[in-house]
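Participant: One structure, as structure tokens, below. Some questions next.
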Amino acid sequence: MTPALPVLLCLGLCLCKEPRTQAADRIPKPSLRAENGTLVPQGGAVTLRCRASWEAEEWRLEKIRESGWSQIKSVRLAGNESEFSFPSVTSNNAGTYRCLYRHSSFRWSERSDPLKLVVTGFSASPSLAALPSSEVAAGQDVTLQCWSELNYDWCVLCKDGKEVTRGRMQHHERRYQTNFFFPAVNPTHNGTYQCYGFNSSSSYMWSSPSAPLVLSISGAAAQDYTMGNLVRLILTGLILILLGVLLIEHWKSSRGH
């Protein structure tokens, strides 16, 4: 064996072990969620929960600022979950957060994925309408139109409290509006919709919500009947095929006799 071969083997073993060692030393990142949702009215309460898959001894909550990420809260608590409460949110609480925890080995985990906390109620609410109607048959096209007399840069459409989409506000006949087009709607579009307005300079501070709009799509029962009819047709076809096979076998047997 040449002198260089043991050296190469040793180097190869070291390279193979290095990723495993790094992976073993890495503490899994926690998850961060807002207990009552990420849309919070001004003056309302919200609790951010940081949860880890490992036992922790200390927790930190960070918020992004102009200078970068900075710690805003720290809690010494044993366990795999910690909470950070905001009893009355203001514009100062709006923004992007993430959390991390310290394991008993005195090492800190990776940081959680960012969570965006939006505070609402900083300006007048826009209006929301459904065109041609809020009650349509499945397969029809529907446009949800959000409009306001205030000059918002952006409009956000939410369904059942969660953001669905957003769009730029356009000036149109003494008001500003955004149209959200939904082609060939189906029962999955059923729900309660609201829209918000905000400006790019304060993207985490939204207006008050529009009045709720309930979108009702009829035709769900008809679609269920269609599926049932399709299943029945398939079963009927299989039975006819089976009967055909049995008749052929009977005919062959009779011909043999």
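The values are calculated or read from the model by the stated rules, or taken from the named source; none is laboratory data. These numbers come from a predicted model, not from an experiment. Positions of Cβ are generated from backbone atoms using ideal geometry, with glycine treated the same way; all protein chains shown enter the neighbour counts.
Participant: Which members of the range 130-158 meet the condition of being part of a loop (DSSP other than H, G, I, E, B) and farther than 25 Å from Ser203 by Cβ? Spell out the reasoning first.
Facilitator: Narrowing the range 130-158 to residues part of a loop (DSSP other than H, G, I, E, B): 132-134, 138-141, 149-153.
Answer for the range 130-158, where residues must be part of a loop (DSSP other than H, G, I, E, B) and farther than 25 Å from Ser203 by Cβ: Pro132, Ser133, Ser134, Ala138, Gly139, Gln140, Asp141.
Participant: When you check Gly37 against the structure, is it surrounded by 12 or more Cβ atoms within 10 Å (Cβ to Cβ) and either touching a His at 6+ places or on another chain (Cβ under 7 Å) or at positive phi (or both), yes or no?
Facilitator: On the way: surrounded by 12 or more Cβ atoms within 10 Å (Cβ to Cβ): yes; either touching a His at 6+ places or on another chain (Cβ under 7 Å) or at positive phi (or both): yes.
Taking the combined requirement at face value, the residue satisfies it.
Participant: Given the conditions (1) out of contact with any Asp or Glu (no Cβ under 8 Å at 6 or more places or on another chain); (2) surrounded by fewer than 14 Cβ atoms within 10 Å (Cβ to Cβ); (3) closer than 27 Å to Val164 by Cα, report the number of the one that Thr47 does not fulfil.
Facilitator: The number of the failed condition is (1).
Participant: Next question. Say whether the condition of being within 14 Å of Asn80 (Cβ to Cβ) and at pLDDT 90 or above is met by at least one residue in the range 34-47. Give the derivation first.
Facilitator: Taking the range 34-47 as the starting set, the residues that turn out to be within 14 Å of Asn80 (Cβ to Cβ) are none.
No: zero hits.
Participant: When you check Ser218 against the structure, is it in contact with a helix residue (DSSP H, G or I) (Cβ under 9 Å, 6 or more places away or on another chain) and at pLDDT below 95, yes or no?
Facilitator: On the way: in contact with a helix residue (DSSP H, G or I) (Cβ under 9 Å, 6 or more places away or on another chain): yes; at pLDDT below 95: yes.
When the stated conditions are applied, Ser218 passes them.
Participant: OK, next. Would you be able to say whether some residue in the range 154-169 is more than 23 Å from the chain's Cα centre (by Cα), at pLDDT 95 or above and either of a type in the set (Phe, Trp, Tyr) or outside the structural domain of Gln42 (by TED's automatic domain parsing) (or both)?
Facilitator: Yes, some residue in the range 154-169 is more than 23 Å from the chain's Cα centre (by Cα), at pLDDT 95 or above and either of a type in the set (Phe, Trp, Tyr) or outside the structural domain of Gln42 (by TED's automatic domain parsing) (or both).
Participant: Strands (runs of 3 or more DSSP E) wholly in the range 28-111 with at least 1 residues that are over 30 Å from Phe198 (Cα atoms) - which ones? Please lay out each step first, then the result.
Facilitator: Numbers: elements: 31-34, 39-41, 46-65, 68-86, 95-102.
Of the strands (runs of 3 or more DSSP E) lying wholly inside the range 28-111, those with at least 1 residues that are over 30 Å from Phe198 (Cα atoms) span 46-65, 68-86, 95-102.
Participant: Restricting to the range 225-257, name every residue that is modelled with pLDDT under 70 and of a type outside the set (Val, Ile, Thr).
Facilitator: Residues of the range 225-257 that are modelled with pLDDT under 70, as a first pass: 225-229, 251, 255-257.
Matches in the range 225-257: Tyr225, Met227, Gly228, Asn229, Trp251, Arg255, Gly256, His257.
Participant: I would also like to ask the following. Return a yes/no flag: does the range 171-181 have any residue that is in a loop (DSSP other than H, G, I, E, B) and surrounded by 12 or more Cβ atoms within 10 Å (Cβ to Cβ).
Facilitator: Within the range 171-181, the subset in a loop (DSSP other than H, G, I, E, B) is 173-174.
Next, from what is left, pick out any that are surrounded by 12 or more Cβ atoms within 10 Å (Cβ to Cβ): none.
Taking every residue of the range 171-181 in turn, none turns out to be in a loop (DSSP other than H, G, I, E, B) and surrounded by 12 or more Cβ atoms within 10 Å (Cβ to Cβ).
Participant: Could I ask something else about it? Before we move on, is Asp141 over 17 Å from Ala211 (Cα atoms), surrounded by fewer than 19 Cβ atoms within 10 Å (Cβ to Cβ), touching a helix residue (DSSP H, G or I) at 6+ places or on another chain (Cβ under 6 Å) and not hydroxyl-bearing (Ser, Thr, Tyr)?
Facilitator: no
Participant: Let me ask another. If only one of Trp54, Trp108, Trp59 is in contact with a His (Cβ under 7 Å, 6 or more places away or on another chain) and either without any contact (Cβ under 8 Å) to a residue 24 or more places away in the chain or not assigned by TED's automatic domain parsing to the domain that holds Arg166 (or both), which one is it? Quick ask: steps written out before the conclusion?
Facilitator: On the way: Trp108 fails: in contact with a His (Cβ under 7 Å, 6 or more places away or on another chain); Trp59 fails: in contact with a His (Cβ under 7 Å, 6 or more places away or on another chain).
Answer to the selection: Trp54.
Participant: So how many residues does the range 72-119 have that are of a type outside the set (Lys, Arg), within 27 Å of the chain's Cα centre (by Cα) and surrounded by 16 or more Cβ atoms within 10 Å (Cβ to Cβ)?
Facilitator: The qualifying residues number 17.
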